[in-house]
Amino acid sequence: MSTGGAVALLLVLVAFLVALAVLVPIRRRKRRRLAATAGVMAEFAAVNGMRFGRTEPNLPARAPSINDIVGDPLVYVDFHLDGTLRDVPFQAFQVRRPPPRQHAETFEVSTRTPEYTVLLVPRPVPGPELRLAPQRLSWATALRRDLEVGDPRFDAAFHVSTGAPDFARLVLRPPLTTWLATDPRAAAAIVVFEPAELMAVLPGPLTPQGAMALADLMTDLRHRVPWTMLG
């Protein structure tokens, strides 16, 4: 082997060892964080009469928008919490993108697999998809047309996308838009009317406080939407 080839091989080996030295601690820390989150959520569920689980394979089928919002055709579900708030059942999930494909066989989690908190409540009247997202560029808004509904403050705060604009304008009118435009919980979340569910998504790992804040928001939304008019 030539001197140049030996040097190149040495550099590749050094780069591999450095990457391994960085990635292994990251993987261990992330696994510890997942375990810690699971422990906190399991304790919260037990104290409050809820159910905590480690899998929910039907999430993408129930909430088709989740892949687009997270930004990957594959979504990992770490665990979920089942509960009820003001007589409305909910499920809260921690989800994340998978590791980059080129690393999928070498490590399961990394700094590039950020967590998201997702919450679902049943939608009383099935119907078209409708997505409300904060007015900024994100996976939830990229390449999607922003529909204005005629409420200036709401239109300034939310990017609205749907394949059924007449439905969106029927739903998104005062007092609902007034409430959404002034509620800080709504300003921080992506809210989706899925065909049979109402969904909210926030960046960040699942916590008791985050789950209950989203449950409170989505329960309020469920009560405020004029379902009888839509039905």
| said: Going residue by residue through the stretch 18-32, is there one that turns out to be crowded, with 16+ Cβ neighbours inside 10 Å, under 20 Å from the mean Cα position of the chain (by Cα) and modelled with pLDDT of 90 or more? | reply: no
| Can you tell me which residues in the stretch 68-89 are open to solvent by 60 Å² or more (accessible area, probe 1.4 Å) and part of a strand (DSSP E or B)? | Y76, T84, P89
| query | Within the stretch 136-149, is even one residue at pLDDT 80 or above, out of contact with any helix residue (DSSP H, G or I) (no Cβ under 6 Å at 6 or more places or on another chain) and within 18 Å of P195 (Cβ to Cβ)? | reply | yes
| query | How many residues are charged (D, E, K, R), touching a Lys or Arg at 6+ places or on another chain (Cβ under 9 Å) and surrounded by fewer than 18 Cβ atoms within 10 Å (Cβ to Cβ) when one looks only at the stretch 133-151? | reply | 1
| task | Determine, yes or no, whether A213 is over 30 Å from P73 (Cβ atoms), among the small types (G, A, S), open to solvent by 30 Å² or more (accessible area, probe 1.4 Å) and part of a helix (DSSP H, G or I). | result | no
| remark: Scanning the stretch 128-175 for residues that are hydrophobic (A, V, I, L, M, F, W, C) and farther than 23 Å from A63 by Cα, the one farthest from the chain's Cα centre (by Cα) turns out to be V149
| query | Based on what the data block shows, is L206 open to solvent by less than 60 Å² (accessible area, probe 1.4 Å), part of a loop (DSSP other than H, G, I, E, B), in contact with a helix residue (DSSP H, G or I) (Cβ under 7 Å, 6 or more places away or on another chain) and closer than 22 Å to T117 by Cα? | reply | yes
| request: Check off (1) part of a strand (DSSP E or B); (2) at pLDDT below 95 for L120 and give me the number that stays unchecked. | output: (2)
| query | Is there a residue being under 30 Å from V47 (Cα atoms), among the basic types (K, R) and modelled with pLDDT of 90 or more anywhere in the stretch 89-101? | reply | no
| task | Go through (1) surrounded by 13 or more Cβ atoms within 10 Å (Cβ to Cβ); (2) of a type in the set (G, A, S); (3) assigned to a loop (DSSP other than H, G, I, E, B) and name the single condition S161 misses. | result | (3)
| message | So L130 ticks every box in (1) closer than 30 Å to P208 by Cβ; (2) surrounded by fewer than 16 Cβ atoms within 10 Å (Cβ to Cβ) but one. Which box is left unticked? | response | (2)
| note | Conditions (1) part of a loop (DSSP other than H, G, I, E, B); (2) of a type outside the set (S, T, Y); (3) surrounded by 21 or more Cβ atoms within 10 Å (Cβ to Cβ) -> F154 fails only (1)
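The values are calculated or read from the model by the stated rules, or taken from the named source; none is laboratory data. Note that the coordinates shown come from a computational prediction; the quantities given were computed from them, not determined experimentally. Methodologically, a virtual Cβ is constructed for each residue, glycine included, from the backbone with ideal geometry; neighbour enumeration extends over all protein chains shown. Keep in mind that these areas ignore ligands, DNA and RNA; they rest on the heavy atoms of the full protein, side chains included. Shrake-Rupley method; radii C 1.70, N 1.55, O 1.52, S 1.80 Å.
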